[in-house]
Amino acid sequence: MTTAADWQNRLEIEALHARSAELLDEGPISAWPSLFTEDGSYRIVTRENVDQGWPLALMLCESRAAVEDRVHAIENLSLTIPRRVRHMTSGLRIYADGTGWRSEANFAVFETLAGAQTVCFAAGLYRDRLVRDADGTLRFRERIAICDSALIRNSLVIPI
């Protein structure tokens, strides 16, 4: 039986996923780290590494401070071809785990480099751990983007 609280939690989790995509696609990307807990982590890994149990990550941020550093580098230090990205998610699945929620959702990220055709940059699965912080705000404690392919076009600039 699904309760009103279950529906409310689902709506908040969907809104967190949508806000993450909005900040990565439209900005300001500087607000994206605020979606994580202080000890929250973000990783991009390949399906092969997950299946083999290998810890190697394409991008690894082990705290919100590390996510903030990554965003600072994107905004201030990166010399890349101008690009637009578009994050799509679907098939959201949510599981209560006693301390918060775990969720999984399919993703596809499209990229358009200046003057070029739009291409599918990456596709895969998000695996998230979500908790409420002290003020009740829902945040990512862990976000793992598992890419179906180890081949990433161009360079991995914007988080997946």
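Any read-out appearing in this document is the output of simple, stated calculations on the displayed coordinates, not a laboratory observation. Remember, predicted model here, so these are calculated numbers, not experimental data. Quick reminder, even Gly has a Cβ in these numbers, built from the backbone with ideal geometry, and neighbours come from all protein chains shown.
When residues of region 1-39 are filtered for being assigned to a helix (DSSP H, G or I), of a type outside the set (A, V, I, L, M, F, W, C) and loosely packed, with under 13 Cβ neighbours inside 10 Å, how many remain? Steps first, please.
Going through region 1-39, the residues assigned to a helix (DSSP H, G or I) turn out to be 4-25, 29-35.
This time we only want the ones that are of a type outside the set (A, V, I, L, M, F, W, C), so: 6, 8-10, 12, 14, 17, 19-20, 22, 25, 30, 33-34.
Next, only the ones that are loosely packed, with under 13 Cβ neighbours inside 10 Å stay: 6, 8.
Selection size over region 1-39: 2.
Each row is one residue, and each column tells you yes or no for (1) over 14 Å from the mean Cα position of the chain (by Cα); (2) among the basic types (Lys, Arg); (3) closer than 22 Å to His87 by Cα.
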position: Leu23; (1), (2), (3): no, no, yes
position: Pro28; (1), (2), (3): yes, no, yes
position: Trp32; (1), (2), (3): no, no, yes
position: Leu35; (1), (2), (3): no, no, yes
position: Leu56; (1), (2), (3): yes, no, no
position: Arg64; (1), (2), (3): no, yes, yes
position: Ala73; (1), (2), (3): yes, no, yes
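If I go through region 110-160 residue by residue, how many of them are among the aliphatic types (A, V, I, L, M), part of a loop (DSSP other than H, G, I, E, B) and surrounded by fewer than 19 Cβ atoms within 10 Å (Cβ to Cβ)? Give the derivation first.
First, the residues of region 110-160 that are among the aliphatic types (A, V, I, L, M): 113-114, 116, 119, 122-123, 125, 130-131, 134, 138, 144-146, 150-152, 156-158, 160.
This time we only want the ones that are part of a loop (DSSP other than H, G, I, E, B), so: 114, 116, 134, 150-152, 156-158, 160.
With surrounded by fewer than 19 Cβ atoms within 10 Å (Cβ to Cβ) added as a condition, the list becomes 114, 116, 134, 150-152, 156-157.
Matching residues across region 110-160 total 8.
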Checked region 11-31 for anything in contact with an Asp or Glu (Cβ under 9 Å, 6 or more places away or on another chain) and within 15 Å of Leu130 (Cα to Cα); matches are Ile13, Leu16, His17
Could you give every pair whose Cβ atoms fall below 7 Å, whose first residue belongs to region 132-154 and is over 17 Å from Ala18 (Cα atoms) and in contact (Cβ under 8 Å) with a residue 12 or more places away in the chain, and whose second residue is in a strand (DSSP E or B) and among the aromatic types (Phe, Trp, Tyr), counting only separations of at least 6 or pairs across chains?
Arg153/Phe121
Looking at (1) free of Cβ contacts under 8 Å to residues at least 40 places away in the same chain; (2) closer than 15 Å to Arg43 by Cβ, can you tell me which one Leu77 breaks?
(2)
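If you scan region 49-78, which residues turn out to be in contact with a Cys (Cβ under 9 Å, 6 or more places away or on another chain) and assigned to a helix (DSSP H, G or I)? Working first, answer last.
From region 49-78, those in contact with a Cys (Cβ under 9 Å, 6 or more places away or on another chain) are 58, 67-70; that's our starting set.
Passing the criteria: Val67, Glu68, Asp69, Arg70.
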